[in-house]
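The values are calculated or read from the model by the stated rules, or taken from the named source; none is laboratory data. Treat the numbers as computed from the prediction; the structure is a model and nothing was measured. Backbone-built Cβ (ideal geometry, glycine too); neighbour counts: all protein chains shown.
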Amino acid sequence: MTLKITNIGNSAGIILPKELLEKLRVGKGDQLFVTETPNGIELTPYDEEFSLQMELAEQIMREDRDVLRKLAQ
């Protein structure tokens, strides 16, 4: 698939075809995240940094369940 860079006001942008939006499972108003990889640029609806933070939070919640229960009272 080839995308063309076009003028959008004073900026430049690309228009994502409907098929690509469906594959990404995103729509108007959703966020996409750009990550530089060894193979180039990756465009994804998945925020890797947020996901890592959530994994750490879940780990802490599992390990310190009793402490969190006390704090919630």
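What the table shows:
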read-out: Verdict on residue 61 being surrounded by 10 or more Cβ atoms within 10 Å (Cβ to Cβ), aliphatic (A, V, I, L, M), in contact with a helix residue (DSSP H, G or I) (Cβ under 8 Å, 6 or more places away or on another chain) and not in a strand (DSSP E or B); value: yes
read-out: Subset of region 20-52 (residues that are touching a residue at least 12 places away in the same chain (Cβ under 8 Å) and either hydrophobic (A, V, I, L, M, F, W, C) or exposed (fewer than 10 other Cβ atoms within 10 Å of the Cβ) (or both)); value: 20, 24, 25, 26, 31, 32, 33, 43
read-out: Of all residues in region 15-73 being under 20 Å from residue 1 (Cβ atoms) and among the hydroxyl-bearing types (Ser, Thr, Tyr), the one that is modelled with the lowest pLDDT; value: 46
read-out: Residue check, residue 55 assigned to a helix (DSSP H, G or I) and loosely packed, with under 11 Cβ neighbours inside 10 Å; value: yes
